[in-house]
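Structure record follows, encoded as structure tokens.
The values are calculated or read from the model by the stated rules, or taken from the named source; none is laboratory data. This structure is a prediction, so every number in the text was calculated from the model and none was measured. Note that each Cβ is placed from the backbone with ideal geometry, even for glycine, and that neighbours are counted across all protein chains shown.
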Amino acid sequence: MSNSDSNTAHMILPTLRYLAFRRPEENDYTDSDDDILNYLSLPALETLDLPMTDISLEDAVHFLKRSSPPLQKLVLGGIFYDVWDFDFIRLDECLHLVPTLRHLELCVRDIDTTPMFASLAESPSLVPHLRRLKLQCHQQAVSEPLWSAVVRALSIRRDQITCFTFMRLHDAGLASPEPDAHIREAFRQFAADGMEIHLESEERI
């Protein structure tokens, strides 16, 4: 639930650099209590692992605005549950608030992440120091437009991003289809140019 900063008291922890919440696994319906972030200001934070079971991206925007942390690593979402109130406009706003970011991981179950990769391609000012990028999603969220958006973003940022990981989860007994030949060739070229490329597929039991 979103909380207005004007109506909420915030505890300032001026030296905390690392904060990670428990991420629910499959068939685990307990919350992570990450909405405590609504009551904190963390101006020294460098790593944030946020499952987003009890907090929205709007809340995250408020947190980043009041904390202005020198964030280096951000992990958002989870692959075994629906991320509440996921909005790519808010995600863009979050990322614009952390220009120091070097490592971004996005974990979603069945959300089409094409808009995020389009933003990375079209907005050079968005996370300009990003080096490592990882996407985890269910196979049903993977499409040809997504593969194309990924390749375009990596092509434009090939001198910036040093490692890209794409992990797809698929149901037991069902094959995880490979991308088309021209997409595979693009990834091979990225690897030949020195980028670490990890295209992984994991079976859901």
Subject >> Residues satisfying the stated conditions in the stretch 126-165, i.e. part of a loop (DSSP other than H, G, I, E, B), in contact with a Pro (Cβ under 7 Å, 6 or more places away or on another chain) and either at pLDDT below 95 or crowded, with 18+ Cβ neighbours inside 10 Å (or both) >> reply: Val127
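Quick one: which residue in Ala186, Ala191 is modelled with pLDDT of 80 or more, surrounded by 16 or more Cβ atoms within 10 Å (Cβ to Cβ) and over 21 Å from the mean Cα position of the chain (by Cα)?
After applying the criteria, what remains is Ala186.
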**OP:** Could you grab me the full set of residues in the stretch 1-22 that are surrounded by 11 or more Cβ atoms within 10 Å (Cβ to Cβ), in contact with a helix residue (DSSP H, G or I) (Cβ under 7 Å, 6 or more places away or on another chain) and either at pLDDT 95 or above or under 15 Å from Leu48 (Cα atoms) (or both)?
**Re:** Phe21
**OP:** Taking the residues in the stretch 61-86 that are among the small types (Gly, Ala, Ser) and modelled with pLDDT under 95 as candidates, determine which candidate is surrounded by the most Cβ atoms within 10 Å (Cβ to Cβ).
**Re:** Gly77
Original post:
Do the conditions hold for His170, that is, is it part of a strand (DSSP E or B), more than 15 Å from the chain's Cα centre (by Cα) and over 21 Å from Asp49 (Cβ atoms)?
Top reply: yes
Original post:
Among the residues of the stretch 87-125, which ones are of a type in the set (Lys, Arg) and either within 22 Å of Thr53 (Cα to Cα) or surrounded by fewer than 16 Cβ atoms within 10 Å (Cβ to Cβ) (or both)?
Top reply: Arg90, Arg109
